[in-house]
Amino acid sequence: MKVYLAEYAGFCMGVQRAIDLAHKTASEEAAPVFVLHEIVHNNSVVSDLAARGVRSVDSVDEVDKGTLIISAHGAAPEVIKKAQAKGLKVVDTTCPLVSKIDRIITKLTGSGHTIFLLGDKDHAEVRGLKAVAPEVTHVFRFLEEINNLPLVEGPAALVSQTTQNIKFFDEVVKKIKERYPQAEIYNTICDATEKRQTAAMDLGKQVEIMITVGSRNSANSKRLQEVAKTVAPKSYLVDNANELDPKWFSGVSKVGVTAGASTPDILIDGVIERIKSFGEGK
Ligand code: SF4
C-alpha cells in the first residue's frame, strides 16, 4: 500500500503564528493566563496549551485579572474592549487574514453596504465578523438560504469566512448576483484554504481513499474532507491515528492523506505510519 501526502497539508501561517504567540505568552506572562475559546480548533493543540497552564474560558465575564489570549479566529470588537476595560492584558492572535475581512466589512458598512457573509453562523470567526456591523450583516451557509435574505436596493457585498469551499463559493456568487445584481464580490477565502483544497482534489483523483487529519470542530478540516469526497468517494476525517479503521484499507493500494490548517505534523506523521502498518505483510 502506498501512502501519499497532499502537496499542501497541515499548519498554515495564521495557525503557526497564533500557537507561537500563545506559547510565548504562557511562558512569559505571570499567571493567570486565559484563552478565549480554543486557540485553534485542534484537540491536541488545545490540550498542549492547557498543559502549559493556559485556561480556556467561554466569556470575558469569567476573567477578572491576568492575561487573555484572543484566538486565531478573532473576537467581536466589543469583547476586546470589554477585556481591556477590565484591566486585562490582551494578546490578540487573530489571523491577519481574518482581520483583513474585518477591515473590509468596516469600510463597506461605513459606506452604506449591506453585507452577506457566507459562513457557519456558530463559528468564532463568523461571530466575530458579524459583530463588526450586526444590523447590516446577514450570515448564511446554504444556497437555499439566499432566497430568504432580505431584499435591499442600496449597495451590497458578498464576503466569505476564510475556510469555505472554493467551488461552492462560485455557486454562491452566481445565486447572489441573480438576487442582488448590484452586489460587489469579495472572495475572502484564504490562500491556505484554497491551496489545501486544490491539493486535496488533485491527490484525491489519483488514490482510492482519502484521509483528512483534523478535529471535527475545525471548519477548514471539515471542508477539506468534503472537497476530497467529491473526487474520492471513500473519504474520512480523523482526529488522529487511533481513529483509523483498518477495514477502510482492505484491498486498497493507494491512499491519499491531507490535513487541516490547524493539524500538527506529529498527528499527520502518526496517521501515515499507522496506515502504512496496515499494508505490511500483504
Ligand atoms: S486557515 Fe487561513 S484564515 Fe485561518 S488561520 Fe490559516 S491562514 Fe489564517
**Prompt:** For segment 211-282, what does the alpha-carbon gyration tensor say about shape, rounded, prolate or oblate, given a ≥ b ≥ c as the root eigenvalues, a/c under 1.5 as rounded, and a/b over b/c as prolate?
**Reply:** oblate
**Asked** Please report, for the Cα atoms of the chain, the Rg to one decimal and the Dmax as a whole number; what are they, in angstrom?
**Response** 20.3, 67
**Item:** For segment 13-94, fraction of C-alpha pairs farther apart than 15 Å, in %
**Value:** 48 percent
**Item:** 10 Å Cβ shell holding at most 13 others, DSSP loop, GluC sites (Glu not before Pro): longest site-free stretch of the chain
**Value:** 8-152
**Cα-projected label distance for Glu171 with Gln16, points at 7 Å along beta-carbon direction, nm** = 3.4 nm
**Item:** Computed magnitude of the charge dipole of the chain (debye, nearest 20; Cβ of K, R +1, Cβ of D, E -1)
**Value:** 360 debye
**Request:** Would you mind telling me which residue in Ala26, Ala259, Ala75 has the biggest mean-square fluctuation in a Gaussian network model of the chain, where springs connect alpha carbons within a distance under 10 angstrom?
**Result:** Ala26
**Complete:** Check: C-alpha center segment 19-52 vs C-alpha center segment 189-236, spacing in Å is 27 Å
**Item:** Value at 222 nm in deg cm²/dmol, rounded to 500, when DSSP H runs of n ≥ 4 in the chain each add -39,500 (n - 2.57)
**Value:** -12500 deg cm²/dmol
**Message:** List the trypsin sites (Lys or Arg not before Pro) within segment 180-212 that DSSP assigns to loop and that have no more than 15 neighbouring Cβ atoms inside 10 Å.
**Reply:** Lys205
**Message:** Given Cβ point charges of +1 (Lys, Arg) and -1 (Asp, Glu) and nothing else, what value in debye, to the nearest 20, does the dipole of segment 13-94 about its Cα centre take?
**Reply:** 180 debye
**Prompt:** Where in segment 236-266 is the amide nitrogen less than 14 Å from a point lying 7 Å along the Cα-to-Cβ axis of Tyr4?
**Reply:** 253-258
**Request:** With an 8 Å cut-off on Cα pairs and a minimum separation of 6 or more residues, tell me the relative contact order of the chain in percent.
**Result:** 22 percent
**Message:** At 0.36 nm per residue, and after removing the present C-alpha to C-alpha distance, how many nm does the segment from Ser277 to Ser250 gain when stretched out fully?
**Reply:** 8.5 nm
**Prompt:** Relative contact order, percent, of segment 97-185 when contacts are C-alpha pairs under 8 Å separated by at least 6 residues?
**Reply:** 32 percent
**Prompt:** Which net charge results when you count Lys and Arg as +1 and Asp and Glu as -1 among the other residues whose beta-carbon is under 11 Å from that of Ile266?
**Reply:** -4
**Prompt:** How big is the charge dipole of segment 97-185 about its Cα centre, in debye rounded to the nearest 20, if each Lys and Arg gets +1 on its Cβ and each Asp and Glu gets -1 on its Cβ?
**Reply:** 180 debye
**Spatially proximal lysines relative to Lys167 (Cα-Cα < 28 Å; intrachain offsets below 8 disregarded)** = Lys100, Lys107, Lys121, Lys130, Lys175, Lys177, Lys195, Lys205, Lys222, Lys229, Lys234, Lys254
**Item:** Computed FRET value (nearest 0.05) for Arg55 with Asp269, which takes r as the C-beta separation and R₀ as 25 Å
**Value:** 0.30
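Readers should treat all values here as calculations from the given coordinates under stated rules, not as data from a laboratory. In this text the structure is predicted, and so the values were computed from the model without any measurement. Don't worry about glycine lacking a Cβ; one is built from the backbone with ideal geometry, like all the others, and counts go over all protein chains shown.
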